[in-house]
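Peer 1: The structure's right below; bear with me while I get my questions together.
Readers should treat all values here as calculations from the given coordinates under stated rules, not as data from a laboratory. Model, not experiment: these values are computed from the prediction. Neighbour counts run over all protein chains shown; Cβ positions are idealised from the backbone, glycine included.
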Amino acid sequence: SAVISQKPSRDICQRGTSLTIQCQVDSQVTMMFWYRQQPGQSLTLIATANQGSEATYESGFVIDKFPISRPNLTFSTLTVSNMSPEDSSIYLCSVDRGRLTDTQYFGPGTRLTVL
Amino acid sequence: DQQVKQNSPSLSVQEGRISILNCDYTNSMFDYFLWYKKYPAEGPTFLISISSIKDKNEDGRFTVFLNKSAKHLSLHIVPSQPGDSAVYFCAASLEGAQKLVFGQGTRLTINP
C-alpha cells in the first residue's frame with residue numbers, strides 16, 4: 001500500500017472563492033487520481049494526473065473549474081475554483097502503484113462545505 | 001449510465017454470521033474488480049480484488065466471488081465482526097484504463 005496525506009482535512013468556504021487541496025504520497029508513483037464523493041453518492045473520478053503532462057479530465061469536469069498540478073512523483077494539488085454550494089463534497093486523491101493490477105490506494109479525503 | 005451497481009443501500013447482520021454484499025456491472029469489458037471499505041471521515045481502504053480470469057479469491061475472513069456470465073460479484077465476510085460496520089464500495093476497471101468505476105456503496109451494520 002502507500003501512505004497518502006491530504007491537506008486540509010476539511011474546510012468551510014464562501015461561494016465564489018477557490019480552495020487548493022494538497023496530496024502527498026510517501027513514495028514515487030506514476031499515476032495519481034482525484035475523485036469527488038458528493039453527499040450520499042458514489043466516488044466519481046474527476047481527473048488523472050501524470051507528472052510532466054496535462055491532467056486528463058473525465059466527462060463533466062473541466063480544467064478551468066478543477067485545475068490540477070503534478071510537479072513531481074510524490075505530490076499533486078487540486079483546486080476547486082469559483083465554488084458554489086454544489087461543490088460541497090469529499091475530495092479524495094488516490095495513487096496507483098503501477099504494478100500488475102489497477103488497485104488504487106486512497107488518501108483520507110478533504111471534506112469541503114461551501115456556504 | 002451506472003456501469004457498476006450496488007442495489008442494496010444498507011444491510012444489517014448479526015455478529016458472527018455471514019455478511020454478503022452484492023454488486024452488478026453492465027460492461028463486459030471490465031476485467032478487474034475490487035472491494036473497498038470506508039469509515040466516516042476516512043478515505044476508502046482497499047479490501048480485496050479479483051481478476052476476470054478467476055471466479056473466487058479469498059483473504060482471511062473476506063472472499064470475493066465473480067460470476068462473469070451474470071456480470072455479478074459478491075463479497076462474503078465470515079464471521080462478521082462489529083468493526084466491519086462501514087460502507088462497502090465495489091469498483092471495476094478496464095485493462096489498461098487505470099481508472100476505477102465505483103458502485104453507490106452498501107452500508108453494512110453488524111449488530112451485537
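Peer 1: Could you state the orientation-averaged shadow area of the convex hull built on the Cα atoms of region A:24-76, in nm² to one decimal? Please list the in-between numbers first.
Peer 2: Values: hull surface 16.4 nm².
Its Cα hull, projected and averaged over all orientations, spans 4.1 nm².
Peer 1: Okay, moving on. Rank these for me by crowding, A:Y91, B:Y36, going from fewest to most other beta carbons within 10 Å.
Peer 2: A:Y91, B:Y36
Peer 1: Which peptide among A:56-66, A:29-39 comes first, and what is the full order, when sorted by highest mean count of other Cβ atoms within 10 Å?
Peer 2: The packing order, highest mean first, is A:29-39, A:56-66.
Peer 1: Normalise the Cα radius of gyration of chain B by 2.2 N^0.38 Å (N = residues in it) and let me know the number.
Peer 2: 1.01
Peer 1: Which of A:F106, B:F46 has the fewest other C-beta atoms within 10 Å, and how do the rest follow up to the most? Write down the numbers at each step before the final one.
Peer 2: On the way: A:F106 23, B:F46 16.
Ascending number of Cβ neighbours within 10 Å: B:F46, A:F106.
Peer 1: Extending each Cα 7 Å along its Cβ direction at B:Q81 and B:E42, get the distance between those two points in nm, one decimal.
Peer 2: Modelled inter-label distance: 1.2 nm.
Peer 1: Along the Cα-to-C-beta direction of B:S69, a point sits 7 Å from the Cα; which residues of region B:28-52 have their amide N less than 12 Å from that point?
Peer 2: Within reach of a label on B:S69: no residues.
Peer 1: Could you give the length gained by full extension between B:E95 and B:S8, i.e. 0.36 nm per residue of separation minus their alpha carbon distance, to one decimal place?
Peer 2: Details: separation 87, 0.36 × 87 = 31.32 nm, distance 2.74 nm.
28.6 nm is the gain from fully extending B:E95 to B:S8.
Peer 1: What is the projected area of the convex hull of the Cα atoms of chain A, averaged over all directions, in nm²? Write down the numbers at each step before the final one.
Peer 2: Working: hull surface 27.1 nm².
With every direction weighted equally, the projected area is 6.8 nm².
Peer 1: Let me ask you something else. Return the Cα extents of the protein assembly as shown along principal axes one, two and three, sorted largest first, each rounded to a whole Å.
Peer 2: Reported extents, whole Å, longest axis first: 48, 37, 34.
Peer 1: Please identify the cysteines of the protein assembly as shown that lack any partner cysteine with a Cβ under 4.7 Å from their own Cβ.
Peer 2: Here A:C13 come out as lacking a disulfide-compatible partner, given the Cβ-Cβ threshold of under 4.7 Å.
Peer 1: Tell me the relative contact order for chain A as a rounded percent, counting alpha carbon contacts under 8 Å between residues six or more apart.
Peer 2: This gives 37 percent for chain A.
Peer 1: Of the options A:Q14, B:S12, A:A2, report the single residue whose Cα projects farthest towards the positive end of the charge dipole of the protein assembly as shown (beta-carbon charges: Lys, Arg +1; Asp, Glu -1).
Peer 2: B:S12
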